[in-house]
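Since the structure comes first, as structure tokens, the remarks are kept for the end.
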Amino acid sequence: MSIWLIRLWRDMPLRTLFFLNVLAAGFFLLAPFLAPNDPLEVHADLALAAPSTLYPLGNDALGRCFLSRLLAGGSGSLFFTFFIVLAVAFLGMGLGMTAALVGGRIEFLFMRFLDVALSVPTMALTLVMVAVFGNGLTTTALAIISVSWLVYARTSHAVVLGFRESGFVQQARMGGVGRGRILSHYVLPNVLPHIIILMTQDFGDKLLMLSTLSLLGLGAQPPTPEWGFMLSEGKAYLERAPLLLIAPGFLIFFHVVLFNLLGDRLQDVLDPKRGI
Amino acid sequence: MLSYAARRLAFLVPVVFLVSMLSFFLLHLAPSDPVTMKYVRLGTTASQETIVAEKRELGLDRSIPAQYGTWLFSAVQGDFGKSYNNHQSVAGIMAKRLPNTIALALGALLLTIFIALPLAMAAVLHQNTALDYGLRLFSFWGTSMPTFWLGLLLMYAFGVRLRLLPVMGSGDFSHFILPCITLSVWLIALYVRRFRSGLLLELSKAYGKSLAMRGYGRGRILLRHILPNAAAPILVLLGLSIGDLLGGTIVVEIIFGWQGIGSIALEAVQNRDYPVLQAYVLWMALAYGLANLAADLLASRIDPRLRRTERAA
């Protein structure tokens, strides 16, 4: 496991992208503390006001400081993006690997369950789960988790199937190595690279999913500032204040680009054709 | 071939049945119920008796398996119940809204095929030129672009600034253009990349090289020999992407006020309108399954090698 981690680390572009991602996400996770004004403070007289020294990017429709709302609007989604990806990777990998190792009827039923659940497009299933859990950023994140682990489970299961009957697992079993230890020391190191590729490509998707659900009014609830929801608020003032629309969208786009660049590079480095 | 299609179709029945069971039980086990949610939304309180009475009226007081039985019994007869929200028949709502969503998804799909394929072929013909790099950049941009933001920007550019196209609503063809483009950009970007790498993979095989050595032009090789071989696997992928396409219609429908099934589904989530949501999930599973089946069958039409595995299946 450490060998391929070192290989990843040696790749200069990958390292740079990794630091850029940490920097950008770290900045917007902490940015709420940098807000010059209270992002929730309403000034009816300053509705859609032009930039001023006190409000550097002007005010939104309710006269709230737009810069402060922009700075505060990313931390929730970004935090939950990381949380979701880590949670689904852990959950999906654990269940998928276990199913493959246990085998028999449990594996069969588990895989049929995955088949059925994955035969519904992700968005529809997520909507059902939002209806189950309720509106709000935390509950939406839970809804996304409850749907997204399926893909990880299927991938982990498929990877384990590839080497389940191969020598080293059988030998370990015959040598008296316990089930838990086989899972953590023999199977996990072989599954993890696949899962890490999946994870880095998923950050952008999950951020988009969260912002989409917020935009639809299912995620972050007003007056909490959140980029996705700010877009739907700004839509009504398309003509008079296009910045309300351009800025939050750009920040989402910016993070997705950074995530995707990292994911693409990682896949290039870990590409099996280059021999890992 | 025909018996294979029939078998695949028959396999779709238990899948849709299990999907309906899964979503029904998930929804009805949810901690919040539609009646309480209605009063929360209205901002009023109702007495316990009123809530219990209304629940009984909707049949929500019975055990969940019994409710599912009733639902299933009428659903197989084409009756999907009435919306909790406006008491219209769910089947009627679906029938009215479905054509709009299907038009949107189909339009985006056709746009994807007719734009992404020629672009990918151009990229392959002019590999490692400015055109190729430009298309790769477009592909990366398009897959990172949030659909909703793209939609809003297009709306701003063409509706507000240039005043060329209507911003909202559904009606004549001009209403159709922006939503359709918004929905397809992501898919076009993805499939320029996939078509490109699929074509390059085939081109690197021996038969491509030998044709080139015998003096055939690159364009002719690509069109007549490479394309049929590369098409089948990409077609199967395209079938799988239809799920995302159908899911993506929700955002586009909301942004552009398009009267489709996605906006209905969103309303149903907010109102805990179980019958509508249930019908929506079923439609999605069915459409996704049928789209995949169609893609697989088409692929095996194009590539005879795939028919052998069908016979084995």
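Read the figures in this text as sums done on the coordinates, not as results from a lab. Quick caveat, the model's predicted, so the values are computed rather than measured. Please note: Cβ atoms are built from the backbone with ideal geometry, for glycine as well, and neighbour counts cover all protein chains shown.
Structure data summary
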read-out: Charge tally in the Cβ shell below 15 Å around residue B:18, where Lys, Arg are +1 and Asp, Glu are -1, residue B:18 excluded; value: 0
read-out: Part-to-part distance (alpha-carbon centres) for the range A:49-103 and the range B:156-203, which is given in Å; value: 27
read-out: Kirkwood Rh (inverse of mean 1/r, distinct Cα pairs), the range B:2-75, angstrom; value: 14.7
read-out: Cβ-defined net charge surrounding residue B:82, 12 Å radius [Lys, Arg +1; Asp, Glu -1]; value: -3
read-out: Centroid-to-centroid separation of the range A:197-234 and the range A:235-268 [C-alpha atoms, Å]; value: 11
read-out: Cα gyration tensor, the range B:152-287 - rounded (a/c under 1.5), prolate or oblate; value: oblate
read-out: Mean Kyte hydropathy of -1.0 or more with a Cα span along the axis of at least 30 Å, helices from DSSP in chain B; value: B:2-28, B:90-125, B:173-203, B:227-256, B:274-302
read-out: Residue pairs, from the table A:206/B:205; A:235/B:96; A:206/A:235; A:235/B:82; B:38/B:96, whose Cα atoms sit over 31 Å apart; value: A:206/B:205; A:235/B:82
read-out: Spin-label pair residue A:246/residue B:197, simplified geometry with 7 Å Cα→Cβ offset, distance in nm; value: 3.4
read-out: Under 14 Å, Cβ to Cβ, from residue B:121 - net charge with Lys/Arg +1 and Asp/Glu -1; value: +4
read-out: Helix runs (DSSP H) in chain A reaching 24 Å along axis by Cα, Kyte-Doolittle at least 1.0; value: A:12-30, A:75-102, A:137-163, A:243-270
read-out: Computed over the range B:143-283: relative contact order in percent, which uses C-alpha pairs under 8 Å that are six or more apart; value: 26
read-out: Average partner coverage of A:129-136, which counts Cβ from other chains inside 10 Å; value: 6
read-out: GNM top mover of A:134, A:180, A:204 - chain A, alpha-carbon springs below 10 Å; value: A:180
read-out: Listed residues A:137, A:78, A:46, most fluctuating in chain A (Gaussian network, C-alpha, under 10 Å); value: A:46
read-out: Mean separation of Cα contacts under 8 Å, 6 or more apart, over the residue count of chain B: relative contact order %; value: 26
read-out: Relative contact order, percent, the range B:1-151 [alpha-carbon distance under 8 Å, six or more residues apart]; value: 9
read-out: Point-to-point label distance, residue B:42-residue B:130, nm (Cα→Cβ direction, 7 Å offset); value: 6.6
read-out: The range A:189-249: GluC sites (Glu not before Pro) in DSSP coil with no more than 14 other Cβ atoms inside 10 Å; value: A:239
read-out: Point-to-point label distance, residue A:61-residue B:305, nm (Cα→Cβ direction, 7 Å offset); value: 5.6
read-out: Lys/Arg +1, Asp/Glu -1 at C-beta; chain B dipole; positive extreme among B:32, B:142, B:75; value: B:142
read-out: Partner aspartates and glutamates for residue B:55 [C-alpha distance under 14 Å; skip if fewer than 8 residues away on the same chain]; value: B:33, B:273
read-out: Scattering curve values for the range A:213-276, log₁₀ I(q)/I(0), Debye with Cα scatterers, q = 0.25 Å⁻¹; value: -1.00
read-out: Residue mean of other protein chain beta carbons inside 10 Å, B:27-36; value: 2
read-out: FRET efficiency, 1/(1 + (r/R0)^6) with R0 41 Å, evaluated for residue A:11 and residue A:185 via beta carbons; value: 0.95
read-out: Charge dipole (debye, nearest 20) of the range B:1-160; +1 at Cβ of Lys and Arg, -1 at Cβ of Asp and Glu; value: 200
